[in-house]
2 protein chains.
Amino acid sequence: MTAPTIPRSHPRYRSLMVRSDLAEKMAEGLVVPEGLMAHGRGEAFDYLLGEKTTPEAAKAERAAAAHLLLARHPVLSVNGNVAALAAAEVASLSKSLPRLTVEVNLFHRTPDRARRVADALRQAGVPTVLGEHPTARLRGLASDRAWVDAHGILRADVVVVPLEDGDRAEALVRAGKFVISVDLNPLSRTSQKAQLPIVDELTRALRHIDLGILRMRRWEPSRISTVAQSVEAPEVLSSALRRIRVRLDRLAAPEPRRGSPRRAG
Amino acid sequence: MTAPTIPRSHPRYRSLMVRSDLAEKMAEGLVVPEGLMAHGRGEAFDYLLGEKTTPEAAKAERAAAAHLLLARHPVLSVNGNVAALAAAEVASLSKSLPRLTVEVNLFHRTPDRARRVADALRQAGVPTVLGEHPTARLRGLASDRAWVDAHGILRADVVVVPLEDGDRAEALVRAGKFVISVDLNPLSRTSQKAQLPIVDELTRALRHIDLGILRMRRWEPSRISTVAQSVEAPEVLSSALRRIRVRLDRLAAPEPRRGSPRRAG
């Protein structure tokens, strides 16, 4: 398939370019077919949320930055879709917070895909990437899906899991990690299980977390801690659902007729 | 990628099997990567609609059956996803209504894909498939996307377009066709432009249309016509949005605590 030529003026230009890019990265072996379907589900929720960061998501992203700054062993888990969609944002984050460990963590793991994901991250500028040769296992997960790195996710206190599967998010919570999810579906098991769910599109979420880190990194821990504690998971999720309902109401309302004469009073 | 083993007891068994099947059919060249993402978007809306045919969708499907029975040249347009997801349902419908023309109609057209889609339909039992060597063009569409068959869509009075692109649905309406869409997103341009939008999952929609045809085919045309006229597009779409809002409210509500003692009055 040749990439379609999309005019920049197309109202869905960005979304069409991302789709075409993901399709290419599947052909290269970075993304799996399941990843394309998951992206479609995310797109539907992003559309319903208004395709921009909501004030509540921005607040959750600031809280996530605070948790990462306070963590002893913060880890960012990266799968094929994350590497395909946001390698540059991951690289920038790892520069803003050098303590942050970046670990390849694949649901559909093959040595070849793990290497491709790690290569994509290194090419984007991530200095060190764990997870190509995982050394430990998480409890309560089926064979291939349990692999983690003993120096990464296994010892992490705070883990960011963008676009993560529900079973694995749950296993991380059970293992005592503080889990920050990035998932556009506020009803997904991942969003429901995470201690701090971020309901936002991945690149927007990572950029906001990055900005939060740059803004707060010289703050007193107690002040950072106040920001970290400022967000409650149930409120994040219910506000996202509220946004969708309000937007559906607006989208469902009949368009006002243009140029219809006003009735004189 | 090997197909994951999914236990039948998994709460999302059907949806996971469909995903794995679509991924396989992409590897075979029947489905394009864009089709996988579109499927994901549909899944998200199906989830929000409750993953079953709503009473309003059932009514629209009955009206669609009536329109097909009354049509002089009814056509069912089939793309890669439709062939992958519902070849058996298309075959059954073409038996229930032998006048129905089945036409391969691809957004990402190559001669090879057109042949594969037609082959999948014939293997499923569709006796005649048009659209492998299209002979005419629809006005107002860019080159590859305009191709249709002079004996199929071009002369059709009623066209069913499942999972159709907005531009093409609009071109069909402009060409004077009565367009019946099947699309889980009530806000998509296709749903908004179709004279009769069906907001339901494809296989459920086709089965219900099929049943409607079998039930009504010996009726007087005037009685069938009453059923055809019984549905208004704006009401179909607003009721689907209403269903989503109600479901979001229910899903957002905190779960009732089990076994919590009732307060005595």
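Please treat every number below as a calculation from the coordinates, not as lab data. It should be emphasised that the depicted structure is a prediction, and the values quoted were computed from it without experimental measurement. Counting neighbours? That spans all protein chains shown, and the Cβs are built from the backbone with ideal geometry, glycine included.
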A:Arg204 fails exactly one of the following numbered conditions: (1) closer than 23 Å to A:Ser96 by Cβ; (2) within 14 Å of another protein chain (Cβ to nearest Cβ). What is the number of that condition? (2)
Where a residue in region B:104-130 is touching a residue at least 12 places away in the same chain (Cβ under 8 Å) and more than 14 Å from B:Asn79 (Cβ to Cβ) and its partner, wherever it lies, is hydroxyl-bearing (Ser, Thr, Tyr) and in a strand (DSSP E or B), with Cβ under 9 Å and at least six apart: B:Thr128/B:Thr101
Surrounded by fewer than 21 Cβ atoms within 10 Å (Cβ to Cβ), of a type in the set (A, V, I, L, M), touching a helix residue (DSSP H, G or I) at 6+ places or on another chain (Cβ under 9 Å) and touching a residue at least 24 places away in the same chain (Cβ under 8 Å) - does that describe any residue in region B:56-68? yes
Is it true that some residue in region B:232-240 is within 12 Å of chain A (Cβ to nearest Cβ), more than 19 Å from the chain's Cα centre (by Cα) and buried (at least 17 other Cβ atoms within 10 Å of the Cβ)? no
Taking region A:243-254 and the residues there that are assigned to a helix (DSSP H, G or I) and facing chain B (nearest Cβ under 8 Å), the one that is farthest from the chain's Cα centre (by Cα) would be A:Ala252
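Take the conditions closer than 26 Å to B:Gly42 by Cα and either surrounded by fewer than 19 Cβ atoms within 10 Å (Cβ to Cβ) or touching an Asp or Glu at 6+ places or on another chain (Cβ under 8 Å) (or both) and apply them to B:Leu163. Does it pass? Steps first, answer last, please.
Numbers: closer than 26 Å to B:Gly42 by Cα: yes; either surrounded by fewer than 19 Cβ atoms within 10 Å (Cβ to Cβ) or touching an Asp or Glu at 6+ places or on another chain (Cβ under 8 Å) (or both): yes.
Answer is yes for this residue.
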Looking only at region A:27-78, how many residues end up being outside any helix (DSSP H, G or I), on the phi < 0 side of the Ramachandran plot and either within 14 Å of another protein chain (Cβ to nearest Cβ) or β-branched (Val, Ile, Thr) (or both)? 8
Test B:Leu206 against the stated conditions and say whether it is in contact with a helix residue (DSSP H, G or I) (Cβ under 6 Å, 6 or more places away or on another chain) and in a helix (DSSP H, G or I). yes
